[in-house]
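Here's the structure, in structure tokens; my notes come after.
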Amino acid sequence: MTRSRHWPPGPRYAAAVSSTVATVALGHPDFPAGDARRARCQIVVVDGPDMGRAAAIAGAPVLVGTDPTCDLVLRDPRVSRKHLRIETGPEGQFTIVDLGSKNGTLYQGAALGQLAVPAGGVLRLGHTTLRIQPEPAALAIEPSRSRRFGELVGESLVMREVFAVLELAAASDVAILLEGETGTGKEVAARAIHGASGRARAPFVALDCGALPESLVESELFGHVKGAFTGAMQARRGAFARAHGGTLFLDELDSLPLALQSRLLRALEARTVRPVGGDDEVAVDVRVVAASQRDLAAAVAAGTFRPDLYYRLSVLRVALPPLRARREDLSITARALLTARGLDVGEIDGPGLARLAAHDWPGNVRELRNTLDRAVALSPGARTFADLRLDVPGDSSTADDELSVRADLPYAEAKQRLLHAFERSYLRDLMARSDGNISAAARTAEVDRKHLRTLLRKHGLVPDGDDG
Ligand SMILES: Nc1ncnc2c1ncn2[C@@H]1O[C@H](COP(=O)(O)OP(=O)(O)OP(=O)(O)O)[C@@H](O)[C@H]1O
Ligand SMILES: [Mg+2]
């Protein structure tokens with residue numbers, strides 16, 4: 001297997017990751033923070049039915065309208081399905097193009113067809129007012145000197161930047177949002193923040209918002225009184241109450257149903273919770289750390305996540321980069337994982353490391369850990385890394401492009417790999433058929449263009465010049 005079969009060559013790859021591997025951006029109370037390296041401005045609904053909704057204006061044009069495939073989706077009935085397009089223009093200006101909307105687009109009181117508008121410009125369409133406003137700048141923080149934070153290890157610049165922010169975060173009491181693909185260490189980071197904080201002696205309580213049905217999430221979060229619902233034989237304390245004095249980790253926050261998003265926001269603002277079926281509010285003191293595999297700012301723009309809850313929870317946003325974007329960390333990470341299993345094999349290098357480096361690791365560090373665990377199990381008596389019988393996915397005859405079902409792997413990992421291989425193979429074919437044109441490809445695939453871009457980036461398949 002050659003690397004280029006699995007990954008586009010150097011310059012394209014660099015373009016692909018520099019836009020996905022954000023480090024940190026400070027949230028701003030007035031509007032959601034975006035990936036500050038990717039986008040300097042965003043379009044924000046400052047008045048109208050979708051107030052608070054926002055979308056980043058990066059390289060690619062931003063489509064605004066009521067159609068669900070738009071980048072900024074509005075519900076205003078006086079807005080057309082595809083109402084206007086915003087492009088980054090010369091000299092920091094933005095070109096606004098009205099797409100033949102029914103009720104028009106007004107700038108400074110006059111209807112526009114196509115016009116260059118500066119940052120800060122205000123547009124009116126239907127009952128909606130939009131403003132182009134600068135995004136908060138990325139925090140300039142010096143990378144940590146440390147190569148670990150709790151159980152997380154890494155020596156790449158991007159990880160040391162992450163550690164620096166996590167160190168600062170642990171010392172404060174602000175809410176933190178951890179974003180990253182599966183297996184990038186979100187839960188480990190949350191535990192490490194707790195462990196390094198002043199709350200370390202109090203409980204750390206994790207709640208997976210995606211794993212439970214809506215009715216149960218509510219009582220898991222807030223607790224319930226005896227008899228609150230069928231089956232509530234006993235009163236039960238919720239995660240908030242159990243985490244009192246400590247840290248509440250809200251995993252898969254993007255899965256939280258909208259109705260519960262407002263209840264959660266109320267609890268955070270009032271610092272009290274009312275158990276399901278109960279009358280009394282109970283005071284709680286918790287620090288919240290939330291995690292999401294999805295980009296929550298995009299969920300806010302699409303209207304599936306409440307902007308006010310987003311601002312509240314993303315005071316500090318930290319993106320944990322995928323392993324494939326920091327291959328220089330493979331050696332130190334593999335060594336730490338093996339040491340944690342009681343096996344100190346010394347330096348991780350040579351052909352074994354090269355094989356690790358040739359893989360994409362769609363399951364990130366968790367997948368690496370599973371691979372190493374298997375190697376340890378298959379190699380009794382191994383003393384050095386070279387003694388380990390490594391079975392790196394995709395490096396023999398079974399390329400990981402191959403859509404094969406592998407029952408020798410744990411179910412979740414086998415499914416993840418198959419899905420990854422399917423996505424990659426589908427996207428390659430799709431882009432080949434569309435001559436690399438993302439908009440055309442999105443139409444053919446009948447998916448949202450933004451979502452397609454995210455998928456392409458994940459697989460390092462973003463066409464040259466498209467860094468939006
Ligand atoms: N930077 C890292 N250094 C060392 N180990 C790591 C690192 N990142 C992740 N791990 C290990 O990978 C495993 C998965 O991490 P974790 O459960 O935190 O992932 P996650 O981001 O919460 O994934 P998911 O979204 O699937 O829940 C853990 O065993 C953890 O120890
Ligand atoms: Mg997790």
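A few comments on the model shown:
- Checking each residue in segment 175-196 for being among the hydroxyl-bearing types (Ser, Thr, Tyr) and crowded, with 20+ Cβ neighbours inside 10 Å picks out only Thr184.
- Looking across segment 279-294 at every residue that is surrounded by 21 or more Cβ atoms within 10 Å (Cβ to Cβ) and not β-branched (Val, Ile, Thr), the one that is farthest from ligand 1 (Cβ to nearest atom) is identified as Arg287.
- Pair list, Cβ under 8 Å, 6 or more apart: segment 144-163 residue more than 8 Å from ligand 1 (Cβ to nearest atom), other residue polar (S, T, N, Q): Val158/Thr23; Arg160/Ser144; Arg160/Ser146; Glu161/Thr23; Glu161/Ser144; Val162/Thr23; Phe163/Ser144; Phe163/Ser146
- Top-ranked residue of segment 214-240 - restricted to ones that are among the hydroxyl-bearing types (Ser, Thr, Tyr) and modelled with pLDDT under 90, ranked as nearest to ligand 1 (Cβ to nearest atom): Ser215
- In the set (1) part of a loop (DSSP other than H, G, I, E, B); (2) away from ligand 1 (no atom under 16 Å from the Cβ), the condition left unmet by Ala211 is number (2).
- Positions within segment 128-137 being surrounded by fewer than 18 Cβ atoms within 10 Å (Cβ to Cβ) and either of a type in the set (A, V, I, L, M, F, W, C) or modelled with pLDDT of 95 or more (or both), in sequence order: Ala137
- Residue count for segment 341-394 under the criterion of being outside any helix (DSSP H, G or I), in contact (Cβ under 8 Å) with a residue 12 or more places away in the chain and not hydroxyl-bearing (Ser, Thr, Tyr): the result is 22.
- Residues in segment 314-341 that are within 16 Å of ligand 2 (Cβ to nearest atom) and touching a helix residue (DSSP H, G or I) at 6+ places or on another chain (Cβ under 7 Å): Val318, Leu320, Pro321, Pro322, Leu323.
- Residues of segment 145-159 classified as loosely packed, with under 15 Cβ neighbours inside 10 Å and within 20 Å of the chain's Cα centre (by Cα), total: 1
- Tally of residues being farther than 14 Å from Lys186 by Cα, hydrophobic (A, V, I, L, M, F, W, C) and within 16 Å of ligand 1 (Cβ to nearest atom) across segment 241-257: 1
The values are calculated or read from the model by the stated rules, or taken from the named source; none is laboratory data. These numbers come from a predicted model, not from an experiment. Backbone-built Cβ (ideal geometry, glycine too); neighbour counts: all protein chains shown.
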